[in-house]
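Just below is one structure, and these are the notes that go with it.
Each reported figure results from applying straightforward, stated rules to the coordinates on display, with no laboratory input. The shown structure was predicted, so the numbers you read here are calculated from the model rather than taken from an experiment. Because the Cβ atoms are built from the backbone with ideal geometry, glycine has one as well, and the counts that use them run over all protein chains shown.
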Amino acid sequence: MLARHGARFASFSLVGGFVFVLGLAIQAFLVQVWRAGSDASYLVQGFISIQVSFLLNYFWTWRDKDIQFWLAWYKFNTQKIITTVFNLLIYAALILVQVNYLAANVATTAIFTAVNFMIGNFWTFVPSSKRNRKGRAIVPLGECDRAMQEKRADDPGDRGVAAGAGL
């Protein structure tokens, strides 16, 4: 899988690293400058980080995928809610069995980097079969060809030319 999706996984990882540092900076700013509590600042930086991550992944990592913005946004945020719950459960289980909190953090980060990439690549940023990024209907090429042939067959003015008449 890495050989096939290596470049996309690399950009996904760069986005994740950038967003992680951004989140730390936001939380530090909120706590040290605005004197916000650590829990509230963590919640705010988490929300901002998820949205920045979505934007960067939508416009950079998966820029070649023709998926509507709001559909991708909905799927991305749904994915984050679900995977965050599982991430917290696994982290808590690791702490429960006496794994060091930093090691537990590294382990869950590694696991969920791979999980989030796979979900993003195979669900979140997979185009719907009906509409493109601009909301226009997507018609498979075969159906388009068939529709054009039917239109020509129904158009009496086109029959002579299609049959080679008048040449």
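In this simple spin-label approximation, residue 33 and residue 70 carry label points 7 Å from Cα along the Cα→Cβ vector, and these lie 3.3 nm apart.
Judged by the mean number of other Cβ atoms found within 10 Å, the most tightly packed of the peptides 15-28, 89-102 leads the ranking 15-28, 89-102. Using R0 = 22 Å, the C-beta based FRET efficiency linking residue 43 and residue 126 works out to 0.15. Using 0.36 nm per residue and subtracting the Cα-Cα separation, the extra length available between residue 103 and residue 60 on full extension is 12.4 nm. For region 1-117, a/c is not less than 1.5, where a ≥ b ≥ c are the root eigenvalues of the C-alpha gyration tensor, and a/b does not top b/c. That puts it in the oblate class. Loop-located trypsin sites (Lys or Arg not before Pro) in region 1-58 (DSSP state other than H, G, I, E, B) with a sparse environment of at most 15 neighbouring Cβ atoms within 10 Å: 35. In this rough spin-label picture, where each label sits 7 Å from Cα along the Cβ direction, the residue 113-residue 85 distance is 2.6 nm.
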